[in-house]
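**Student:** Handing you a structure now.
None of the figures in this text is laboratory data; all of them are computed from the coordinates on show. Just so it is clear, the structure is predicted and the values come from calculations on it, not from any experiment. When we count neighbours, we look across all protein chains shown, and the Cβ atoms used for this are built from the backbone with ideal geometry, even at glycine.
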Amino acid sequence: MNNEMTISEYAHLCKNLGLDGFDLGSTLIKNHTPKYIAQLKNEIAQEGIPLIMVTTYPDFTHPEYLQREREFDFLVHDIALASALGAKFVRVTAGQAHPSTREDEGIRWVIEYLKKAAPVADKYGIRLVYENHAKPGVWEYIDFSHPPAIFLQIAEGLRETSVGINFDTANILAAGYADTIEILDAVFDKVLTIHVAETATFGQLQPVALGTGIVPFEEIFRYLKSKNFDGWLCLEEWANKGKEGIQASVTFARQTWADA
């Protein structure tokens, strides 16, 4: 979803496409005032389709301690917002690959803050899902845990918590690692949601329409079916082709899942 559509318009579109739910970026939720939240929640309810996930962008690898503390408080706010709107999941990131942040301290900070956030989410009935992420437009640097080796270390450090995984199908290849299934298999027991995403180039995130890039969706879907995956498939339509692009993505994902 982009700023050209209201949240209710986007929910309406997703409903008409026959989807089971939709997600939102936290930056699209204007504020947390009671009147606004009640109005937005009512608009979503009128469309008859649930809000499943709110995506957030915590930067727990920031070199300044005080900023990391702010990032934690921002996440707590977003968890409360997601809960108020009836969402099930909040997508979280590790943080940016700040040049002055060492790998060992960055891994330690991410695990520390996500462990601290987990009971907050539990209290509100929200599941945090940590993503093997790349780079959103709101950041200056790429994700600290974009390299699969770092992602796996952080995921392992969160294994005994309620934090799950939101696995992105494009970002392993975009990070320059050839075997997406190997990384997915290593964390599968914690995977709750899948970001069905595409990239055109190995070693680089180059968003294109689903099915027109290099992501091996049939192989990934066959793997998920073999493991009886019953979580959410969240479609990322990055080709910027509007409603037609979203429709094409839905059609591709449904057909590929059926054929897998």
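**Student:** At a Förster distance of 35 Å, what's the computed FRET efficiency of Lys35 paired with Arg108, Cβ-Cβ distance as r, to 0.05?
**Tutor:** Using R0 = 35 Å, I get an efficiency of 0.25.
**Student:** Any idea how far apart Glu218 and Ser100 come out in nm if each label point goes 7 Å out from Cα toward Cβ?
**Tutor:** Distance between the two pseudo-spin positions: 5.1 nm.
**Student:** OK, next. Which ³J(HN,Hα) values in Hz, rounded to whole numbers, follow from the phi angles of the range 30-39 under the Karplus curve 6.51 cos²θ - 1.76 cosθ + 1.60, where θ = phi - 60° and Gly and Pro get x?
**Tutor:** Whole-Hz 3J(HN,Hα) from phi for the range 30-39: 5, 6, 10, 5, x, 5, 5, 4, 5, 5.
**Student:** Same structure, new question: Say R0 is 51 Å: what FRET efficiency, to the nearest 0.05, do Ala80 and Gln247 get from their beta-carbon distance?
**Tutor:** So the FRET efficiency works out to roughly 0.90.
**Student:** Work out from phi, with θ = phi - 60° and the Karplus expression 6.51 cos²θ - 1.76 cosθ + 1.60, the ³J(HN,Hα) of each residue of the range 145-159, listed in order in whole Hz, and give x for Gly and Pro.
**Tutor:** 9, 4, x, x, 4, 6, 3, 5, 5, 5, 4, 5, x, 9, 4
**Student:** Something else now. Go through the range 177-260 and name the trypsin sites (Lys or Arg not before Pro) that are in a DSSP coil and have 15 or fewer other Cβ atoms within 10 Å of their Cβ.
**Tutor:** Passing sites in the range 177-260 are Lys227, Lys241.
**Student:** Give a residue-ordered list of calculated ³J(HN,Hα) values for the range 98-110 (Karplus: 6.51 cos²θ - 1.76 cosθ + 1.60, θ = phi - 60°; whole Hz; x for Gly, Pro).
**Tutor:** Karplus-based 3J(HN,Hα) across the range 98-110 equals 5, x, 8, 8, 6, 4, 5, 6, x, 4, 4, 5, 4 Hz.
**Student:** What number comes out for the charge environment of Met53, summing +1 per Lys or Arg and -1 per Asp or Glu over other residues with Cβ under 14 Å away?
**Tutor:** Combined, the nearby Lys, Arg, Asp and Glu give -3.
**Student:** Counting only residues 5 or more places away or on other chains, whose amide H sits under 5 Å from the amide H of Arg91 once H atoms are built in the peptide plane?
**Tutor:** Val54, Thr55, Thr56, Val129
**Student:** Then there's this: Based on alpha-carbon atoms only, what is the radius of gyration of the chain relative to the globular estimate 2.2 N^0.38 Å?
**Tutor:** Taking N as the residue count of the chain, the ratio is 0.97.
**Student:** Please report, in debye to the nearest 20, how large the charge dipole of the chain is about its Cα centre when each Lys and Arg carries +1 at its beta carbon and each Asp and Glu carries -1 there.
**Tutor:** It comes to approximately 660 debye.
**Student:** Right, here's the next one. Ranked from highest to lowest mean number of other Cβ atoms within 10 Å per residue, what is the order of the peptides 78-88, 8-18?
**Tutor:** The densest-packed peptide leads the list: 78-88, 8-18.
**Student:** Among the lysines, select those whose C-alpha is under 29 Å from the C-alpha of Lys15, and discard any that sit fewer than 8 residues away in the same chain.
**Tutor:** By straight Cα distance, Lys15 reaches Lys30, Lys35, Lys41, Lys88, Lys135, Lys190, Lys225, Lys227, Lys241, Lys243.
**Student:** Between the range 119-182 and the range 30-91, what is the separation of their alpha carbon centroids in Å?
**Tutor:** Spelled out, the Cα-based centre of one part sits 18 Å from the other.
**Student:** Amide H neighbours of Leu235 under 5 Å, at least 5 residues apart or on other chains, H built in the peptide plane: list them.
**Tutor:** Val196
**Student:** Express the relative contact order of the range 47-174 as a whole percentage, based on alpha carbon pairs under 8 Å and six or more residues apart in sequence.
**Tutor:** 27 percent
**Student:** Something else: What residues have an amide H closer than 5 Å to that of Ile165, excluding those fewer than 5 places away on the same chain, when H is modeled at 1.01 Å from N in the peptide plane?
**Tutor:** When sequence neighbours closer than 5 places are left aside, the close amide H contacts are Tyr130, Val191, Leu192, Thr193.
**Student:** Relative contact order, percent, of the range 136-260 when contacts are C-alpha pairs under 8 Å separated by at least 6 residues?
**Tutor:** For the range 136-260, the relative contact order is 21 percent.
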